[in-house]
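This report concerns only the one structure given below.
Please treat every number below as a calculation from the coordinates, not as lab data. Here the structure is a predicted model, which is why all the values come from computation and not from measurement. Please note: Cβ atoms are built from the backbone with ideal geometry, for glycine as well, and neighbour counts cover all protein chains shown.
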Amino acid sequence: MELFLQQVIAGIATGGIYACMALAVVMIYQAIHHLNFAQGEMATFSTFIAWTLLAYGLPYLAVFPLAIAISFVGGFAVERIVFKPIEHAPVLTHIVVFIALYSIFNSAMGFIWDFSIKTVPSPFPPGQFFGSNLISNHQAGMVGITFVVLVLLFMFFAYTRIGLAMRAAAANPDSARLVGIRTSFMTALGWGMASAIGAVAGILIAPLVFLEPNMMLTILLYGFAGAVLGGLTSPPGAVLGGFIVGVVENLAGTYIPVIGGELKLTIALALIVGVLVFKPAGLLGRRIVQRV
Amino acid sequence: MATTDDASLAKRASLPASVDVAEPRTPLLSIGNAGLALTLAALLALPFFTEGFFVFQMTKVLTYAVAIMGLNLLTGFNGQFSLGHGAFFAVGAYTTAILVEMAGFGFIATLPFAALICFGFGFLFGFPALRLEGIYLALATFALAVATPQILKLSPLEGLTGGVQGIYLFSETFGEPPVPSWAPVQSIFGVDEFDAGTYWVYLVTVAVLVLTYWILTNLVGSRTGRAMMAIRDNPIAARSMGVNAAFYKTIAFGVSAAVVGVAGGIGAASTKFVAPDSFTFFVSVSFLVGLVVGGVGWLPGALIGGAFIVFVPNYAEEVSKGLSGAFFGIFLILMIYLAPNGVGGLIRAAADRIRRRSE
């Protein structure tokens, strides 16, 4: 039993990473009803920017918001430049452009910062959380920050005018446009926010793994799994899903011999396919009913 | 709300059906057929004029072309997306490698097995795919592609797959694919016995390419192909016409995977080596790039797509090291904006113009 509890706690600790990424995935999905396959690379790019700023000697407390702001502007710009022209294009076009962005960001990072691994410092004091041997200060801090982001998002969407406008634009673009909401601007804003959340995720994940251009590809897969599990339409669901994925991954690693260490990505694959097939709305998502 | 209608219209516009169902049978002597015959002649003549390394690269081009045709059947003609066909490429490659190394098969004899096994996997993956549309299918296949290298490294399979190390093929013939005694490759092309294997694999690849093209064009023109396209264009109408959507969609997935598997088999024979890390997500990305560049829904475009994904990174690397991915991406985006039907679309537009002028 103790082993079980330990693994659950350790799973929650890694789940924080996935929750953060899943949140970014859901943000984009809310805004454009697409999954951004380049999200991981964009987050890694943000992390590299933070790393560069840190290398210039700026304090962490300045770098963190600065990198997030840059990412916000970057995400906004990507939408305006690349996606605005293909707003009404079919799904395949979007997927191809996402893949193109993935390729561009990945390659550009290798070009600018090369493929050698780099370490990113943690903002939290080193050591274990309250002396526990399962969860480090950084991991606990990460879980905390994920919740802060979630609460901020909730307040933004629930209590601000622009948050309401964004929800309207996502839920019913035609009617939203009729009442004077600039839906296309809202989409760009959604991109900016998703990119900013991705930056938070990347910067917090980097101290746990090593920073290199391919850092996020597998983490993005877990992020997708978390988002799908929790429900692509629900930010709290995404966070919950992220934590569940972390726990499931850890438990499977402990209790199922072969799968454990070697097939971790296959767990994500199985989760994604399984949830999409049997419960497409996820745990907390809305069921989408399409009129024919 | 007219969103559904808009969506289906946009979907239809996205996937140009080059093979028009209503069009009468093209005469034997048409621009299209002349182009195909010229291409085939050029492919057959090529090894007489070039060096071994270029022949090897062309084998790669043709291998990719076969794979892209397979993906095209699924995406271009059946409207299903896949970011995971690299996984079937891997299964095909490993099938060939394992049969050649452990069962002593000739590599050509392994290709039907690669096709069969991949058909099985594709068919099985086609079932969950039935319930996933558009972006969700892309997501599920994306997960498959990312997980593939890890599955190949799995330790219980190590005896078969060689684990991280992978498998070197043709260890009995000193690492070169054996040339059958009835094929006078050495004397025809005037090459030594080491290069003969490369040339032989090239010739086999040309044959596989032609065969695949022949099978797929006939499939697309058949009742099955029309059903696949009907499902792509309007699933609801197709269903109400009595088309068994589930059956044709899983079949499309299976056949598409089988073709990609055969490509994987030839790929293994030409590189003479398979390892998990050769089958990363980037393989699937390459297929998609080749498909879009060549033209979605136009089978001959696969050759252009294959050439693009083999040669362009080389040139891009020469211009600036490490930037080939960025070049890929920028080219893709430009392509989507400027020539959404791919190079194939441009060629067909030009051919139409010539045809109209000559009439």
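Couple of notes before you dig in:
- Intensity falloff of the stretch B:130-187 expressed as log10 I(q)/I(0), Debye formula with alpha-carbon point scatterers, at q = 0.13 Å⁻¹: -0.64
- The mean sequence distance of close C-alpha pairs (under 8 Å, at least 6 residues apart), as a share of the length of the stretch B:48-280, puts its relative contact order at 45 percent.
- For chain B, the 222 nm mean residue ellipticity estimated from helices alone, with every DSSP H stretch of n ≥ 4 adding -39500 (n - 2.57) and the total spread over all residues, rounds to -24500 deg cm²/dmol.
- Ellipsoid fit via the Cα gyration tensor, chain A: semi-axes of 29, 24, 19 Å, each the root of five times an eigenvalue, largest first.
- The mean of 1/r over all distinct Cα pairs in the stretch B:26-77, once inverted, gives the Kirkwood hydrodynamic radius of 12.9 Å.
- Kyte-Doolittle mean at least 0.5 and Cα axial length at least 18 Å: DSSP H helices in chain B: B:31-49, B:52-78, B:85-102, B:107-130, B:135-152, B:193-221, B:245-271, B:281-294, B:301-319, B:324-338
- The stretch B:48-280 pair-distance distribution - Cα-Cα, 10 Å bins, rounded %: 8, 32, 32, 19, 8, 1, 0
- Scanning chain A for long hydrophobic helices, with DSSP H runs required to stretch 18 angstrom or more by C-alpha along their axis and to average at least 0.5 on the Kyte-Doolittle scale, returns A:2-32, A:39-55, A:60-78, A:91-113, A:137-159, A:183-205, A:217-230, A:235-255, A:264-278.
- C-alpha center-to-center spacing [the stretch B:125-193, the stretch A:28-76] in angstrom: 37
- 18 Å tail of the calculated P(r), the stretch B:214-260, as % of Cα pairs: 24
- Whole-percent pair-distance distribution, where bins are 5 Å wide, for the alpha carbons of the stretch B:264-359: 3, 12, 17, 21, 18, 13, 7, 4, 3, 1, 0
- Annotation: the residues A:Lys84, B:Lys272, B:Lys249, A:Lys118, sorted from fewest to most other C-beta atoms within 10 Å of their own C-beta, follow the order A:Lys84, A:Lys118, B:Lys272, B:Lys249.
- Along chain B, the longest continuous region that contains none of the chymotrypsin sites (Phe, Trp or Tyr not before Pro) in a DSSP loop with at most 12 other C-beta atoms within 10 Å is B:183-359.
- Extents of the protein assembly as shown, taken as max minus min of Cα coordinates on every principal axis and listed largest first, are 77, 59, 48 Å.
- Hydrodynamic radius of the stretch A:38-182 by the Kirkwood approach over all distinct alpha-carbon pairs: 18.4 Å.
- Across A:Ala252, A:Ala238, A:Ala227, mean-square fluctuation computed from a Gaussian network of chain A (C-alpha pairs under 10 Å connected) peaks at A:Ala252.
- If you wrap the stretch B:30-109 in the convex hull of its Cα atoms and look at it from every side, the mean projected area works out to 7.7 nm².
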